[in-house]
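**Student:** Take a look at this one; I'll ask things after.
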Amino acid sequence: MKDALRLLALMRPQAGWMALAVLLSALATLAHVALMATSGWFITAMALAGAAGASMNYFTPAAYIRAFALVRTVGRYAERLVGHEATLKFVANLRPWFFVRLTPLAPAALEDQRSGDLLTHLKGDIDRLEFAFLRILSPALAAVLVLAAGLFVVAAYDGAMALVLLGTALLGGLGLPLLVHRLGAAASRRVTARSADLNVLLVDHLDGRAELDIYDPGRRHRAALDAASDGLIADESRLAGIAGFAGAGVGLAAQTTLLLVLAIGAPRVLDGSLPGADLPMLALLVLALFDAVAPLPLAFQTLPGTLASARRIFALVDRPAPVPDPAAPKPVPAEGALVFAHAGFTYPGAAAPAVEHVDLTLAPGRRIAIIGPSGSGKSSLIALALRFRAAEPGALAYGGAPVEAYEADALRQRMSVLAQQDHLFSATIRENLLIAAPQASPAEIEAACARAGILSFIKAQPDGLETFIGAHGAKISGGEARRLGLARTLLKEAPMVLLDEPTEGLDADTERRVLDAVLEATRARALLLVTHRMVRLEAMDEIILMEAGRIVARGPPAEMMRHVAVVEPEADRLGGESA
Ligand SMILES: Nc1ncnc2c1ncn2[C@@H]1O[C@H](COP(=O)(O)OP(=O)(O)OP(=O)(O)O)[C@@H](O)[C@H]1O
């Protein structure tokens, strides 16, 4: 119920359009009902007049019939137009509403999302919410209006007929939908959950198809995918069966009403208390009224799945942002020192802190290398710098003010970052580069690519910068992808450059050349270099050695190289377990 009310509240800005759509829908259906009733009356009256040899004015009823037909057609058209306008306006608000709430959650609060889950939220769940008005709310409200008007008219002719209509309309319009809801609620909710599960399995299956070929010859993953698909098909078949049963039920209710109206009206026609032409009019009127009832079972059937989608969406957007932005953010200074003051951080649910008591100042022009074994907290420091995570305990400051005083996105504009798992888009090399600097000139692009050691590769491609690199850079090698990511990082003119393992996957020669170029390109900027590899560290101002989240040693290169040599005789293998 809470979810339904919240969904209705989301629709409130479009309430005017939606009310108009409901009114037009009711008007079009009522015009249809009136058309049927008048036609029934007219044909019978003409037949009776003909049989009696009397003459009658057929201009007026014919004019009514034309008018009702016109109103029905124009009404339906206008109802579709206004209904879809209302839905489109709702959609136009709903998607940004979702994105605005989703963006601050990324990446920290979305880590537990399964691959493909977000896609399901965006596609299946949001789509279901979009149609909540057209498929559920509008038919239900229009049916109430149409049936109330129909009952009023029928009651004016015959109370018993009105009671019959009330009973069968309640059966067909409420009893049957409730039964459909009861029979199909679990399946409808399962369809929502199973579509999500199927998407997750499918995305995993496609992403990991090479690993599955190697490690899953028994095709267990494929079997799970098939089982999920079969489950979904079974539920959808069940819902289709129930929908068919409901359609037949509404038809039965309509025909039964027709028969009962005839049974009640026939004696009255015979005793002269009801004009002969009025009986077919009433019979066709009640029959046509069931047009308003027909969509209700499906609306009730759709309801649980729609509410399940609403619940999934609300559960996601209600997650607290890991690092909320301030209400009145300060402008971020163009340059400044990034200071970690006794900073610590523990991942939710983790037994031990990933970062503990870190003091560090990354001032303009300063170069700091962070080294340490795998899992020692190096990347977590970068996550703190980027405000993807908030330090607790301790604090971070930039330009003299706590980082919490700034909007996180604005602060990130001062940084250029090569993440450990840098994302390459399914796009061309040029498009991937321009994400960092949309205005970059061809000369700047070329310079960044040359520094990252990827220029000759790009030039060797038949399509050059227009080469399409595939999903996650699947069409280029790991080392090429790393260098492309680095070129993108160097293209952005930010005062702070944070590089997490920039030369991972490069051979020793290329590594040295690339690092020299990086050091040259970032000469006037602040550089934080996270690395396992002891290459060109002599060019750093400070080297920090981390272990288990703590800084265990720090100092200028000459001193630290000796220290590292003691800590780790094979310095190039700092990532090993023994470090
Ligand atoms: N998103 C996360 N959720 C929970 N724990 C995490 C998460 N990311 C990292 N950790 C844990 O935090 C600790 C520090 O990880 P971090 O990635 O900062 O280490 P690292 O020094 O960068 O390692 P590597 O050199 O292997 O990249 C590790 O124990 C790791 O398992």
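**Student:** Could you list all residues from region 494-541 that are assigned to a helix (DSSP H, G or I), of a type outside the set (A, V, I, L, M) and more than 19 Å from E444 (Cβ to Cβ)?
**Tutor:** Residues satisfying the conditions are D509, T510, E511, R512, R513, D516, E538.
**Student:** Separate question: Any chance you could count how many residues in region 335-369 are more than 16 Å from the ligand (Cβ to nearest atom) and at pLDDT 90 or above?
**Tutor:** Qualifying residue count, region 335-369: 14.
**Student:** Go through region 241-287 and count every residue that is in contact (Cβ under 8 Å) with a residue 12 or more places away in the chain, among the small types (G, A, S) and closer than 21 Å to M46 by Cα.
**Tutor:** Residues that pass the stated criteria total 5.
**Student:** Moving on. List the number of the failed condition for P331; all other conditions in (1) within 16 Å of the ligand (Cβ to nearest atom); (2) modelled with pLDDT of 90 or more; (3) over 26 Å from the mean Cα position of the chain (by Cα) hold.
**Tutor:** Result: P331 passes all but (1).
**Student:** Between R525, R554, R533, R550, which is surrounded by 15 or more Cβ atoms within 10 Å (Cβ to Cβ), of a type outside the set (A, V, I, L, M, F, W, C), in contact with a Ser or Thr (Cβ under 9 Å, 6 or more places away or on another chain) and free of Cβ contacts under 8 Å to residues at least 60 places away in the same chain?
**Tutor:** Of R525, R554, R533, R550, the one residue that is surrounded by 15 or more Cβ atoms within 10 Å (Cβ to Cβ), of a type outside the set (A, V, I, L, M, F, W, C), in contact with a Ser or Thr (Cβ under 9 Å, 6 or more places away or on another chain) and free of Cβ contacts under 8 Å to residues at least 60 places away in the same chain is R533.
**Student:** Could you identify the single residue in R451, R412 that is over 30 Å from A210 (Cα atoms), out of contact with any Asp or Glu (no Cβ under 9 Å at 6 or more places or on another chain), at pLDDT below 95 and among the charged types (D, E, K, R)?
**Tutor:** R412
**Student:** For R387, indicate whether it is surrounded by 22 or more Cβ atoms within 10 Å (Cβ to Cβ) and of a type in the set (D, E, K, R).
**Tutor:** yes
**Student:** Next up: Given E404, E392, which one is more than 16 Å from the ligand (Cβ to nearest atom) and farther than 23 Å from A524 by Cβ?
**Tutor:** Of the residues listed, the single one that is more than 16 Å from the ligand (Cβ to nearest atom) and farther than 23 Å from A524 by Cβ is E404.
**Student:** Which residues, counting only those in region 220-242, are surrounded by 13 or more Cβ atoms within 10 Å (Cβ to Cβ) and more than 28 Å from the chain's Cα centre (by Cα)?
**Tutor:** Scanning region 220-242 gives G241, I242.
**Student:** Now, a different point. Which one of the conditions (1) out of contact with any Lys or Arg (no Cβ under 6 Å at 6 or more places or on another chain); (2) among the hydroxyl-bearing types (S, T, Y); (3) closer than 30 Å to D325 by Cα does S416 fail to meet, given that it meets all the rest?
**Tutor:** Result: S416 passes all but (1).
**Student:** Here's another thing I want to ask about it. Suppose the filter is part of a helix (DSSP H, G or I) and out of contact with any helix residue (DSSP H, G or I) (no Cβ under 8 Å at 6 or more places or on another chain); does A28 pass it?
**Tutor:** In short, no.
**Student:** Filter region 155-208 down to the residues that are polar (S, T, N, Q) and farther than 18 Å from R114 by Cα, then identify the one that is modelled with the lowest pLDDT.
**Tutor:** Among them, the one singled out is S188.
**Student:** When you scan region 349-405 for strands (runs of 3 or more DSSP E) that lie fully inside it, which ones turn up with 1 or more residues that are hydroxyl-bearing (S, T, Y)?
**Tutor:** Result: 355-362, 395-398.
**Student:** Specify which of the listed residues (G159, G172) is assigned by TED's automatic domain parsing to the domain that holds G251 and surrounded by fewer than 18 Cβ atoms within 10 Å (Cβ to Cβ).
**Tutor:** Going through G159, G172 in turn, just one is assigned by TED's automatic domain parsing to the domain that holds G251 and surrounded by fewer than 18 Cβ atoms within 10 Å (Cβ to Cβ): G159.
**Student:** Condition (residue is surrounded by fewer than 19 Cβ atoms within 10 Å (Cβ to Cβ), more than 24 Å from E501 (Cβ to Cβ) and more than 16 Å from the ligand (Cβ to nearest atom)) applied to region 410-426: is it met by at least one residue?
**Tutor:** yes
Each row is one residue, and each column tells you yes or no for (1) among the aliphatic types (A, V, I, L, M); (2) more than 29 Å from K378 (Cα to Cα).
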| site | (1), (2) |
| --- | --- |
| E392 | no, no |
| A401 | yes, no |
| D422 | no, no |
| S426 | no, no |
| Q439 | no, yes |
| R451 | no, no |
| I458 | yes, yes |
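**Student:** Being in a loop (DSSP other than H, G, I, E, B) and basic (K, R) narrows it down to one of R268, R312, R319, so name that one.
**Tutor:** Within the list R268, R312, R319, the selection yields R319.
**Student:** Suppose the filter is in a helix (DSSP H, G or I) and of a type in the set (G, A, S); does G249 pass it?
**Tutor:** Yes.
**Student:** Answer yes if at least one residue in region 439-462 is within 16 Å of the ligand (Cβ to nearest atom) and surrounded by fewer than 18 Cβ atoms within 10 Å (Cβ to Cβ), and no otherwise.
**Tutor:** no
The values are calculated or read from the model by the stated rules, or taken from the named source; none is laboratory data. No experiment lies behind these values; they were computed from the predicted model shown. Cβ atoms come from the backbone with ideal geometry, glycine included; neighbour counts cover every protein chain shown.
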